[in-house]
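Worksheet: one structure, shown below.
We did not get these values from a lab; they are worked out from the coordinates using the rules stated. Here the structure is a predicted model, which means the values were calculated and not measured. Cβ placement follows ideal geometry from the backbone for every residue including glycine, while neighbour counts extend to all protein chains displayed.
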Amino acid sequence: MFWLVSVLILSSFAHCNEDLLRQFQICKRSDPQLNDCLKSAIQQSINILKNGLPQYNIPSMNPINIPKWTMPKGGILSYEQKYTNIELHDYPTTVILAVTSKIEDDDFSLSLKCTAPILKVKCNYRYDDAKLGGVDVSSVGSLIYTYYDRDFYITFTGGILNNGSGRYLLISDTQINITRIGSFTVKYESENLAAADLLTKLSYENLDTLLTVNKGGYDDMYATGLKNIANAVFAAIPYDKLFPK
């Protein structure tokens with residue numbers, strides 16, 4: 001009986017994998033135009049994944065949810081920036097401009113050149129013992145900030161693991177590098193109205209500096225959200241079926 005149940009479970013799982021696989025454009029590793037194929041396939045996959053596929057344990061891309069993130073002190077920000085309940089909105093508006101890839105039997109890297117008209121971030125914040133421009137802005141509240149007309153690169157690197165039921169890709173590192181921002185808006189809200197208004201005002205007054213201070217920390221936060229979605233997809237489809245030879 002146990003053997004029969006195991007076979008039925010594995011058969012059901014394989015069938016689900018095939019159903020999911022049929023939704024994606026498949027690119028062969030041997031294709032001389034592999035990068036062009038991947039550019040088209042990834043653009044299509046963004047539309048497929050924008051609302052998530054909960055039946056396959058793949059979370060939504062709109063928003064991408066990150067439970068918490070802490071930015072260390074640095075530059076003019078002499079305090080930790082603690083964020084919770086982070087929502088990254090509008091990633092499905094991303095347009096893939098170019099792809100560079102290395103997809104081999106046991107090695108994987110993928111670099112995407114992208115542009116997007118908007119990225120809105122909503123979260124809760126906590127700033128303790130916080131001074132900006134010599135002014136105390138310690139407070140707790142909510143924050144919304146928005147990038148417009150953003151150019152950026154995303155790079156995924158990983159390896160292939162054999163879990164006994166097949167070979168699956170695991171992304172070990174994801175990097176995002178924002179290279180251009182057309183414009184940026186920010187709005188703080190808090191029960192401490194004076195602190196929230198001051199944070200909003202000082203953010204605009206120091207905008208160029210703030211967009212570079214801790215840039216890596218913010219980029220890492222966005223990269224973590226995308227890495228989680230990528231790994232959810234790659235955990236659901238065997239590597240050699242998603243990227244056949």
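Working note: Karplus 6.51/-1.76/1.60 with θ = phi - 60° gives region 158-163 the couplings x, x, 9, 10, 9, 9 Hz, where Gly and Pro are set to x.
Excluding same-chain neighbours fewer than eight residues apart, the aspartates and glutamates reachable from Lys28 by a Cα-Cα span under 18 Å are Glu18, Asp36, Glu104, Asp105, Asp106, Asp107, Asp240. With axes computed from alpha carbons, what is the tilt in degrees of helix 2-21 against the longest principal axis of the chain, rounded to the nearest 10 within 0 to 90? The helix 2-21 is inclined about 60 degrees to the chain. Tell me the angle of helix 215-236 to the major Cα principal axis of the chain, expressed in degrees between 0 and 90 and rounded to the nearest ten. Taking Cα atoms only, the helix is inclined about 20 degrees.
Restricting the calculation to Cα atoms, region 85-188 shows an Rg/Rh of 1.13 when the hydrodynamic-style radius is the Kirkwood one. For a straight C-alpha distance cut-off of 19 angstrom, the lysines reachable from Lys73 (same-chain residues fewer than eight places away being disregarded) are Lys82, Lys131, Lys215. Remark: region 112-120, residue by residue, has Karplus-estimated 3J(HN,Hα) of 10, 8, 9, 9, 8, x, 7, 9, 10 Hz, where x stands for each Gly or Pro and the curve is 6.51 cos²θ - 1.76 cosθ + 1.60 at θ = phi - 60°.
Listed values (1) 47; (2) 22; (3) 32 include one computed from this model; for percent of Cα pairs over 32 Å apart that value carries the label (3). Note on Ser109 and Lys187: the model spin-label points, each 7 Å out from Cα along the C-beta direction, lie 4.2 nm apart.
Calculated FRET efficiency, Val140 and Lys28, Cβ-Cβ r, R0 45 Å, to nearest 0.05? If you can, show how the numbers build up before the last one.
Numbers: r = 52 Å, r/R0 = 1.16.
Approximately 0.30, to the nearest 0.05.
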